[in-house]
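K.L.:
Take a look at the following structure, please.
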Amino acid sequence: MTHDRSFTVSRFANRNGVSSWRVSGYLAGVRIRKNFPTREEAAAEKSALDLRALQSAAGGVRAATTFLSDDQLREAEAAFRRLTAAPNELVASVHNRMPVILTAETMPRWLGSEPLPEEEYRALTQPLPAAQMQEREVSRYVSNSHHEGPACHAPPEAPPPELALG
């Protein structure tokens, strides 16, 4: 029996009558079903599972068990989350670094099963051209690292009040 590799997110009422969100599907023939309190959390898990399914389908790309301590694992996760490059002209006015941004064209090579040659690694970690980005104001909601989801992209509700000194 074969299973589709895609995952779905659906809303349901749990046994307490509270609305929850469920991610379901199959990964390597194993049924996956996980529940989340918010749609954003479910969507993030769906994305992670979709990526794992793609990696599994690609062959050669697989998760590996490691024997890292909790501190070592946190350090490794932090290093992978913060891959940065020199800023492009759009970002340089606000920060001296910017995240490496992979495009649809560069992602397959980055996630490939072979180590990248040094020159290709350098080419993939160049700043994204400013012409492919846009600058706009967002609310202060985005400043809290615990906040995720579409609300982080919302425009500010009102300009901040002027400070009166004196």
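The values are calculated or read from the model by the stated rules, or taken from the named source; none is laboratory data. All figures in this text were calculated on a predicted structure; none of them were measured in a lab. No Cβ is skipped: glycine too gets one built from the backbone with ideal geometry, and neighbour counts run over all protein chains shown.
K.L.:
Residues to consider are 161, 155; find the one that is part of a loop (DSSP other than H, G, I, E, B), modelled with pLDDT under 80 and of a type outside the set (S, T, N, Q).
P.N.:
Answer to the check: 161.
K.L.:
Still on this structure: Out of segment 123-160, which residues are aliphatic (A, V, I, L, M) and in contact (Cβ under 8 Å) with a residue 24 or more places away in the chain?
P.N.:
124, 128, 130, 133
K.L.:
Could you tell me which residue of segment 74-89 is modelled with the lowest pLDDT, considering only residues that are assigned to a helix (DSSP H, G or I) and surrounded by 11 or more Cβ atoms within 10 Å (Cβ to Cβ)?
P.N.:
77
K.L.:
I've got another one for you. List the residue pairs whose Cβ atoms are under 7 Å apart, where the first residue sits in segment 95-118 and is at pLDDT below 85, the second is surrounded by 13 or more Cβ atoms within 10 Å (Cβ to Cβ) and in a loop (DSSP other than H, G, I, E, B), and the two are 6 or more positions apart or on different chains.
P.N.:
Within 7 Å, the pairs are 110/102; 111/61; 113/61.
K.L.:
Looking only at segment 1-56, count how many residues are touching a Leu at 6+ places or on another chain (Cβ under 9 Å) and on the phi > 0 side of the Ramachandran plot.
P.N.:
1
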